[in-house]
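The values are calculated or read from the model by the stated rules, or taken from the named source; none is laboratory data. These numbers were taken from a predicted model, which means no experiment stands behind them. Using ideal geometry, Cβ is built from the backbone for each residue, glycine included, and neighbour counts are taken over all protein chains shown. Note: accessible area is taken over every heavy atom of the protein model, side chains too, but ligands, DNA and RNA are not part of it. Shrake-Rupley method; radii C 1.70, N 1.55, O 1.52, S 1.80 Å.
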Amino acid sequence: MTNDDLRTRFGIDTSHEWILQRTGIEARRFSAAGVATSDLGLEAAKRALENANLAPQDLDLILFATLSPDHAFPGCGVYLQEKLGLCDGPNAKFVPAMDVRNQCSGFLYSLATAHAFVRSGAAKHVLVVGAETHSPMLDLSTRGRGVATLFGDGAGAVIVSRTEENRGIGEISLGADGRYADVLSQKVWDIKKRPFIDVDADGNGRIEPEQLWPQMQGPLVFKHAVERMKQVMNDVLAAQKWESTEVDLFFFHQANLRINQYVQEVFAIPNEKVISNIQRFGNTSAATLPLLLDEANRSGRLKPGMKLAFAAFGSGFTWGGATMTW
Ligand code: UT7
């Protein structure tokens, strides 16, 4: 879906120039009706397993990061487990599965969880999936343009495994500031209400647009994003005892190219050390970092021993940073 497609297909009063200039986005992917977030996650999981030369039965834990799960409950992890064939036949393995609901920092929160399981010896191989199907939950009208023009669908996956080699995940730093929980949110229902959604005489639910669609105070989110991304990057680099100049490749959450350019400037990072895909995918929330990592890997940019640094920020507010030696 190009920026122009949003205008011509959905009649949104926007322009390619506005979206490109403010965000860096040129296009995003919308998956077809009938495709669930767990389906996107399945494709990514299969490729990650293949890359790692592992079978689904080798997994000890499935972590599924998403803000756009197939249903309110259960989470996507169990759908993915079943779709991976883990419940079938004599090789069935009822691997634990859980969802991580941390929006744009969901992948780093999941990575931290996987890291903790593997380090403690509780798991040998953990599948971490970040997948989003934002498109059906976007208000694709002029009313919703402040949010709807930013997001796209996608999925990425990694497998976190134990190694005796001196490489892998280094430091991880996570944070949250719940004072801003309402600033970027989707309150489809309100559990304080009785019943939780307004219901008419026929028993049909009625949801006002402000409640149905995600809402964001963009400039406020922007302001916090640059500060937290900067801070969390500082924290993980200091903990890892790396100078920013030592890092070979930076992976930033892809919410807005201008946020990342600001962080890049603060650390005086040259362009060739930053990888971006917001131009083609828009903001894919929890899928962003594993998508970026996979692209870097498949394009041959990652070489053994390379020093990688990650940072993400999103709704909650929540944020995270990580270092990794490839
Ligand atoms: O991943 C989770 C974290 N999310 C983020 O980090 C997002 C952070 N925020 C942002 O990236 C930016 O705030 C946005 C890209 C969302 C918005 O950019 P902005 O420069 O902050 O614009 P704004 O919200 O202040 O809006 C400026 C104007 C408004 O019109 P008026 O009131 O000045 O007449 C908006 O109605 O731009 C208008 N506008 C649009 N115009 C054309 C808002 N969205 C659009 C649009 N097309 N899609």
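When Leu150 is tested against the conditions (1) of a type outside the set (S, T, N, Q); (2) in contact with a Pro (Cβ under 9 Å, 6 or more places away or on another chain); (3) in contact (Cβ under 8 Å) with a residue 60 or more places away in the chain, the lone failure is (2). Of the conditions (1) within 18 Å of the chain's Cα centre (by Cα); (2) surrounded by fewer than 19 Cβ atoms within 10 Å (Cβ to Cβ), Asn256 satisfies every one except a single condition; which number is it? All conditions are met except number (2). None of Gly130, Gly146 is closer than 27 Å to Phe317 by Cβ, within 16 Å of the ligand (Cβ to nearest atom), at pLDDT 95 or above and surrounded by 24 or more Cβ atoms within 10 Å (Cβ to Cβ) except Gly130. Do we find that Lys241 is open to solvent by 50 Å² or more (accessible area, probe 1.4 Å), over 26 Å from Phe64 (Cα atoms), within 13 Å of the ligand (Cβ to nearest atom) and not polar (S, T, N, Q) in this structure? The answer is no for Lys241.
Here the helices (runs of 4 or more DSSP H) wholly within segment 248-320 that include at least 2 residues being within 16 Å of the ligand (Cβ to nearest atom) and among the aliphatic types (A, V, I, L, M) are 257-266, 288-298.
With the requirement that a residue be closer than 29 Å to Met229 by Cα, outside any strand (DSSP E or B) and of a type outside the set (Gly, Ala, Ser), what does segment 171-210 give you? Selection gives Asp177, Arg179, Tyr180, Asp182, Val183, Gln186, Lys187, Val188, Glu210. Looking at segment 4-105, the helices (runs of 4 or more DSSP H) lying wholly inside it that each contain 1 or more residues that are away from the ligand (no atom under 13 Å from the Cβ) sit at 37-51, 76-83.
No other residue among Phe107, Phe94, Phe73, Phe64 is free of Cβ contacts under 8 Å to residues at least 24 places away in the same chain and either touching a strand residue (DSSP E or B) at 6+ places or on another chain (Cβ under 8 Å) or farther than 27 Å from Ser315 by Cα (or both) apart from Phe94.
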